[in-house]
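The values are calculated or read from the model by the stated rules, or taken from the named source; none is laboratory data. From a predicted model like this one, the values you see are computed outputs, not experimental measurements. Cβ: placed from backbone, ideal geometry, glycine included. Neighbour counts: every protein chain shown.
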Amino acid sequence: MKLSSYSPGVLLVFFFFLPFSLLADRVVLRNGQILNGQIINQNQTAVVIRTRNGVQTVAKAQIARIQYGDFPDPEEERQKQEEERRKQEEQKREQERREEQLRRQEELRKQREELRREEQEKRENADDAGDPMEKENRGKWYSFLAPSNLSQLYWDPGLTEQKIKVGLGIGTVRNNWMGDRLIRSYLQTDFLFSRQNAFQQKDIEARNGWHLTGDLEYSINRYFIQFQASVSRQQGEAPFVIAGPQRDITIDQVTYNFGNMSEFGNVRNDRMRWEDQELHVGYRILYGGLLDLDLMLGMHRSVTLADLDQNSLALFDENPDRQFKFRIFRASSEMQGLSAGLRGIYRLSEASYLPKSSYSFLFPDLEWSLFYRQLSGTLGTSQVRTGISILYGARGQDSELAVDYRGTGMQGAMGLVFKMPWSLSLHIGGEGSSILMKSKEYYNRTSDNDLAGLIRAQIFPFLIPGQFTTRDIRRSTYLRLQWEYAF
């Protein structure tokens with residue numbers, strides 16, 4: 001539609017509602033006043049201009065000059081300048097707040113260092129007034145075991161703060177699950193005794209392992225209590241092979257020979273889950289210097305759930321049959337026991353041989369821990385075997401296996417601690433454990449209750465007591481953020 005088809009009134013309304021940012025003309029009056037807007041009409045005697053305040057008619061005798069083009073509106077310029085000034089003031093206030101917070105943290109650190117220095121001077125002055133034997137032992141590595149005031153061994157008056165620490169961490173895991181060795185040992189023994197078959201399987205190759213860990217700690221004077229919980233998941237797979245003679249079967253009084261069997265398959269673990277809880281009480285042996293050393297005693301509980309699926313194809317040298325076999329294992333374990341160990345921190349950030357500057361927080365501290373663990377409990381599995389024969393149909397069987405275990409081993413960790421603002425710290429490192437689990441009792445049940453199965457359940461624990469001994473190995477990395485509050 002052509003523009004000329006609109007009436008003058010419609011055009012006036014259209015121009016009136018145009019955004020003011022489109023107005024670009026400028027009229028400069030002889031008295032110095034400036035009008036910014038859209039010139040909508042003019043003749044030999046006057047100029048009509050639409051401004052922010054409305055339509056104005058100005059005599060040309062009052063006009064010094066007219067400028068056509070893109071000129072900024074003073075009101076818009078003022079608003080932009082006001083907005084820019086406000087943003088600059090906000091940035092300045094935010095910068096001042098951050099600087100003030102860093103200054104307060106630095107002052108708090110200096111006050112703590114000064115307090116530790118004063119307490120150390122008090123102890124040294126008190127030691128100077130002691131007997132010569134105490135002076136001779138002063139400075140030796142075991143001096144913390146014999147302070148001048150023996151009451152400090154169980155309560156130090158210089159430690160007036162209470163602390164709460166809260167941590168949350170994530171990381172990767174790569175574990176060797178103890179149930180993998182148990183199931184392999186069971187299948188090797190079962191196939192050998194019941195079928196004279198050989199079973200071989202590689203270790204399950206772990207993949208997609210991760211963990212999420214949280215902890216809470218409260219300390220008062222030289223004592224603290226800590227609770228930690230974590231959940232881990234992992235997947236994996238491995239190939240296996242079974243070889244040996246195959247039993248003949250009789251159907252409708254006809255016996256079918258199979259000869260030797262070769263079975264090739266793959267075991268997959270698409271759901272493996274660990275749930276761990278730890279509760280420790282601790283005693284601070286060393287503190288206030290470059291080295292912190294804590295003694296910890298507590299309990300540990302671990303629950304494991306796992307699903308293993310075996311899929312295979314069996315071939316025979318005297319029979320054209322092909323058999324597809326499926327074995328489904330559902331396993332779970334619950335272990336609990338005691339743990340005892342040490343943990344420590346070496347403060348590289350406060351070492352005398354490092355330069356002192358405002359960037360000292362970039363030097364990380366070194367953290368480590370070492371624990372002795374004792375665990376006991378039961379690992380149980382249920383198994384469903386099914387097979388589909390191309391020539392002879394399908395059959396199935398189910399069974400259950402449970403083993404009582406007791407084990408001992410070690411767990412250790414080492415990492416770096418980076419100090420951060422707002423009482424936060426970032427912990428990066430790795431940890432691992434190895435527990436040797438020895439079988440104590442063995443239980444076995446099959447759905448058909450065949451004589452061979454009953455005999456195996458009775459004689460296995462006596463003939464091969466170490467057959468089901470296994471080792472639970474865990475390896476992981478961690479990235480942990482911790483917040484500390486002192487009051």
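Step by step: first the residues of the stretch 187-216, then only those that are closer than 18 Å to residue 243 by Cβ and of a type in the set (Phe, Trp, Tyr), then the one that is surrounded by the most Cβ atoms within 10 Å (Cβ to Cβ). Which residue is that? Please lay out each step first, then the result.
Going residue by residue through the stretch 187-216, those that are closer than 18 Å to residue 243 by Cβ are 187-202.
Adding the requirement that they be of a type in the set (Phe, Trp, Tyr) leaves 191, 193, 199.
Details: 191: 17, 193: 16, 199: 20.
Ranking the qualifying residues of the stretch 187-216, first place goes to 199.
Give 383, 411 a once-over and let me know the one that is surrounded by 15 or more Cβ atoms within 10 Å (Cβ to Cβ), more than 27 Å from the chain's Cα centre (by Cα) and not small (Gly, Ala, Ser). Break it down stepwise before answering.
Working: 411 fails: more than 27 Å from the chain's Cα centre (by Cα).
After applying the criteria, what remains is 383.
Would you check which residues across the stretch 87-145 are modelled with pLDDT of 55 or more and surrounded by 13 or more Cβ atoms within 10 Å (Cβ to Cβ) and list them?
Listed by number, the residues that qualify are 102, 105, 106, 109, 112, 115, 116, 119, 120, 123, 126.
How about the stretch 190-264: which strands (runs of 3 or more DSSP E) wholly inside it have at least 1 residues that are under 40 Å from the mean Cα position of the chain (by Cα) and more than 30 Å from residue 340 (Cα to Cα)? Can you show your working first?
Working: elements: 198-201, 205-220, 223-245, 249-251, 254-256.
In the stretch 190-264, 198-201, 205-220, 223-245 are the strands (runs of 3 or more DSSP E) which contain 1 or more residues that are under 40 Å from the mean Cα position of the chain (by Cα) and more than 30 Å from residue 340 (Cα to Cα).
Can you name the residue in the stretch 271-300 that is basic (Lys, Arg) and either in a loop (DSSP other than H, G, I, E, B) or touching a residue at least 40 places away in the same chain (Cβ under 8 Å) (or both) and, of all such residues, is farthest from residue 118 (Cα to Cα)?
Filtering the stretch 271-300 for residues basic (Lys, Arg) gives 271, 273, 284.
Filter once more, keeping what is either in a loop (DSSP other than H, G, I, E, B) or touching a residue at least 40 places away in the same chain (Cβ under 8 Å) (or both): 273, 284.
Numbers: 273: 51, 284: 20 Å.
Per the criteria, the residue is 273.
When the residues of the stretch 165-189 are filtered to those that are part of a helix (DSSP H, G or I) and more than 24 Å from residue 208 (Cα to Cα), which remaining residue is farthest from the chain's Cα centre (by Cα)? If you could, list the steps in order and put the result at the bottom.
Narrowing the stretch 165-189 to residues part of a helix (DSSP H, G or I): 178-189.
Subset that is more than 24 Å from residue 208 (Cα to Cα): 185-189.
Working: 185: 33, 186: 35, 187: 36, 188: 37, 189: 39 Å.
The qualifying residue farthest from the chain's Cα centre (by Cα) is 189.
Within the stretch 252-262, identify whether any single residue is closer than 23 Å to residue 404 by Cα and either of a type in the set (Asp, Glu) or in contact with a helix residue (DSSP H, G or I) (Cβ under 9 Å, 6 or more places away or on another chain) (or both), and answer yes or no.
Step one: filter the stretch 252-262 for residues closer than 23 Å to residue 404 by Cα, giving none.
So far as the stretch 252-262 goes, no, none of its residues is closer than 23 Å to residue 404 by Cα and either of a type in the set (Asp, Glu) or in contact with a helix residue (DSSP H, G or I) (Cβ under 9 Å, 6 or more places away or on another chain) (or both).
Going by the structure shown, is residue 397 in contact with a Lys or Arg (Cβ under 7 Å, 6 or more places away or on another chain), at pLDDT 85 or above, in a strand (DSSP E or B) and not aliphatic (A, V, I, L, M)?
Values: in contact with a Lys or Arg (Cβ under 7 Å, 6 or more places away or on another chain): yes; at pLDDT 85 or above: no; in a strand (DSSP E or B): yes; not aliphatic (A, V, I, L, M): yes.
In short, no.
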